[in-house]
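> One structure, as C-alpha cells, below. Some questions next.
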Amino acid sequence: MDTELMLKVYPFFLKAALVTVELSILTGILGLSCGALGAAARLSRFRFLRFLGAAYVSVFRGTPALIQLFILYFGGPQIGIQLDAFQAGVIGLGVNIGAYMTETMRGAIISVDKGQREAARTLGLSQFQTFRKVTLPQAMRLMIRPLGVNINALIKGTALVAAISVVELTYTAQRYIGSTYKPFEMFLIAGVLYMIIIYGTGRAVAWLDRRARIV
Amino acid sequence: MTASQPFIEVRQARKCYGEIEVLKDISLTVDRGQIVAIIGPSGSGKSTLLRAINDLDPLTAGEVWLDGVRVNKTLPHRQYEKHINQMRQHIGMVFQHFNLFPHLTVRDNVTMAPKLLKGISDKEADRLAEEQLAHVGMLERIDYFPSQLSGGQKQRVAIARALAMKPKLMLFDEATSALDPELVEEVNLVMKKLAEEHMTMIIVTHEMDFAASVCDRVIFMDGGVVVEEGPPELVFRNPTQDRTRNFLRKHLEGAK
Ligand SMILES: Nc1ncnc2c1ncn2[C@@H]1O[C@H](COP(=O)(O)OP(=O)(O)OP(=O)(O)O)[C@@H](O)[C@H]1O
Ligand SMILES: [Mg+2]
C-alpha cells in the first residue's frame with residue numbers, strides 16, 4: 001500500500017468530502033420536504049392527493065436512482081430543463097430519497113395510537129389541532145430513527161452523482177485513479193471519509209432520538 | 001329548548017358496520033344530574049352507543065341531543081367540524097386505556113385543551129390544573145409525565161383532563177377495566193365524588209356493585225338493543241327479562 005501517496009493526496013479528498021457533505025445536507029433538506037409533502041398527500045382526505053402521493057412513492061422507489069438522475073441531467077435539456085451537474089444531483093437525489101421519507105413519515109404518523117387522536121378530538125380539538133399538538137409530536141419521535149436510516153442511504157447514494165461528474169468523493173477517487181493507477185488506495189481514502197461522515201451522522205441521529213425520548 | 005326536553009336524548013339510534021347492525025333502534029333519555037350505568041355482555045354495543053353520543057363513532061341513523069342542541073346535525077363537512085368540536089367541549093370522555101398524552105406532563109395534559117380552545121392565560125391554566133388535579137388527588141404529581149404514574153393515577157389525571165373543559169356531561173367507557181384490582185377503588189372514589197356533585201354521567205361498566213351504589217338508573221343492553229332499564233335495585237334484584245337474569249347470574253359466577 002502506497003501510504004506516502006495517500007498522505008499526499010488526501011487533502012484533496014477532504015475538499016471533495018465537503019462537497020459530499022454539502023450535497024448530503026441539501027439533498028436531505030429537499031428529501032425531508034418532499035417526504036413531508038408526500039406523507040401529507042398520502043394521508044389526505046382527498047382521494048386525488050392520496051393518489052398523487054402513492055404515485056410519487058411508487059415511481060421513485062420503483063426505478064433506479066441512477067436512471068432518475070440520468071433522465072434529469074441528460075434528458076432534461078431535451079424538455080427544457082437545464083441544470084448543472086450539482087443542481088441535478090441535489091434535485092434528483094432529493095426527490096428520490098423523499099419518496100422513501102414519505103413512507104417513513106407516513107408510517108410514523110399512522111402508528112401513533114388511535115386512542116391519542118380520539119382523546120384529543122373528544123376534548124374538542126379540531127383535526128388540525130389534534131395533528132399539531134398530539135399526533136405530530138409523537139410521530140416525530142417515532143420517525144427519528146427510521147429517517148436516520150433514510151439519511152444513511154442518502155449519504156451513500158450521493159456517490160451516484162459521480163456518474164454525472166459532480167466533483168464529490170467518489171468522482172475525485174476515480175479521477176486520482178486515472179492519474180495514479182492506485183485504485184485500492186484511492187477508494188480506501190474515499191471509503192474512510194464516507195465512514196466518518198456516516199458515523200458522525202449516525203451519532204447525531206442517536207443523540208436526537210435519545211433527547212426526544214418520552215420520559 | 002322546551003321545558004319538557006330531556007337533557008340528553010338518543011332517538012332511534014342505529015349503527016351498522018357493513019352488514020352487521022350493532023345498534024338497533026336505541027332510544028334513551030338522561031336527565032340533568034342523573035347517573036346512568038350501561039351494562040351488558042361483551043359486544044352488545046355499549047361502547048358504540050357511548051361513542052355515538054359525542055359522535056366519535058357516528059350513527060348510521062338516529063339523533064343525539066344534548067341540552068336542546070342536536071349533536072349529530074347534518075351539515076356540510078367544514079361547518080359540521082366546527083359544530084362537533086363545539087359540542088364535544090361539553091362532553092367529557094374517559095377511556096378504558098386512559099389515553100393520556102405521553103409527551104406532555106400531567107399539567108399540560110390537563111391544560112392543553114382549555115388553553116387552545118378557551119384561550120385562557122398561562123396563569124389561569126396553572127390555577128385550573130391545580131384545581132382539577134387537587135380534585136382527583138393528583139396535585140403532587142402535577143409535573144410528572146404519564147409514564148411515571150400508576151394506572152389508577154393515570155385514570156384520575158384523565159378524569160381531571162376531561163373535567164378541565166367544564167363539561168355538562170361525562171362519559172365513562174369501562175374506566176376501571178384496565179386497572180389492577182387494588183387500583184380500582186381510587187378511581188371509583190373520584191367518580192363517586194363527581195356523582196355527589198351532581199355531574200351528569202353515563203357509565204359503561206362491568207362493576208355491578210359500583211353501578212348499584214352510585215347510579216340512579218341501569219340500562220342493560222344485549223345484541224344492540226336495550227333489553228331492560230330501571231333503578232338499580234329493580235334491575236339488579238328483580239330483573240323482568242330472562243336475558244338480564246342470565247347475564248347477571250353469569251356475571252356473578254364470573255366474579256367468584
Ligand atoms: N370498527 C368496527 N368495525 C366492525 N365492527 C365493529 C367495530 N367496532 C365495533 N364493532 C362491533 O360492534 C359490536 C359492538 O361493539 P362494542 O364495542 O360497542 O361492544 P361493547 O358492548 O362495548 O363490548 P365490550 O364489553 O367488549 O367493550 C361488536 O360486535 C363489535 O365487534
Ligand atoms: Mg366496550
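The values are calculated or read from the model by the stated rules, or taken from the named source; none is laboratory data. Just so you know, these numbers come straight off a predicted model, no measurement behind them. Quick reminder, even Gly has a Cβ in these numbers, built from the backbone with ideal geometry, and neighbours come from all protein chains shown. Remember, those area values only see protein heavy atoms, side chains included, never the ligands or the DNA or RNA. Shrake-Rupley method; radii C 1.70, N 1.55, O 1.52, S 1.80 Å.
> Cβ-Cβ distance below 7 Å, separation of 6 or more or different chains: which pairs start in segment B:91-115 with a residue that is among the charged types (D, E, K, R) and end on one that is crowded, with 23+ Cβ neighbours inside 10 Å and modelled with pLDDT of 95 or more?
That search, which allows pairs on different chains as well, returns B:107/B:129.
> Right, here's the next one. Can you find, within segment B:205-225, the residue that is most open to solvent (accessible area, probe 1.4 Å) among those that are within 16 Å of ligand 2 (Cβ to nearest atom) and of a type in the set (D, E, K, R)?
B:207
> Moving to a separate point now. Suppose we filter B:76, B:102 for residues that are open to solvent by 30 Å² or more (accessible area, probe 1.4 Å) and closer than 27 Å to residue B:14 by Cβ; which single one remains?
Unique residue meeting the criteria: B:76.
Yes/no matrix, rows are residues, columns are (1) among the charged types (D, E, K, R); (2) modelled with pLDDT of 90 or more; (3) closer than 26 Å to residue B:29 by Cα:
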{"site": "B:177", "(1), (2), (3)": "no, yes, yes"}
{"site": "B:201", "(1), (2), (3)": "no, yes, yes"}
{"site": "B:227", "(1), (2), (3)": "no, yes, yes"}
{"site": "B:233", "(1), (2), (3)": "yes, yes, yes"}
{"site": "B:247", "(1), (2), (3)": "no, yes, yes"}
{"site": "B:253", "(1), (2), (3)": "yes, no, no"}
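> Given the condition within 16 Å of ligand 1 (Cβ to nearest atom), within 14 Å of chain A (Cβ to nearest Cβ) and of a type in the set (Gly, Ala, Ser), answer yes or no: does some residue in segment B:42-65 qualify?
The answer is yes; a qualifying residue exists.
> Let me ask something additional. Taking the conditions exactly as written (in contact with a Phe, Trp or Tyr (Cβ under 8 Å, 6 or more places away or on another chain) and within 14 Å of chain A (Cβ to nearest Cβ)), does residue B:167 satisfy them or not?
Criteria not met by residue B:167.
Every residue, every condition in (1) away from every other protein chain (no Cβ under 14 Å); (2) open to solvent by 10 Å² or more (accessible area, probe 1.4 Å); (3) more than 17 Å from the chain's Cα centre (by Cα); (4) at positive phi, yes or no:
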position	(1), (2), (3), (4)
A:96	yes, yes, no, no
A:101	yes, no, no, no
A:104	yes, yes, no, no
A:120	no, no, yes, no
A:127	no, yes, yes, no
A:140	no, yes, no, no
A:147	yes, yes, no, no
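> Further question on the same structure: Among residues belonging to segment B:142-155 that are assigned to a helix (DSSP H, G or I) and open to solvent by 30 Å² or more (accessible area, probe 1.4 Å), point out the one that is nearest to residue B:94 (Cα to Cα).
Filtering first and then ranking leaves B:154.
> Sticking with this structure for a sec: Would you mention how many residues in segment B:45-58 are surrounded by fewer than 23 Cβ atoms within 10 Å (Cβ to Cβ) and not in a helix (DSSP H, G or I)?
Here the count works out to 4.
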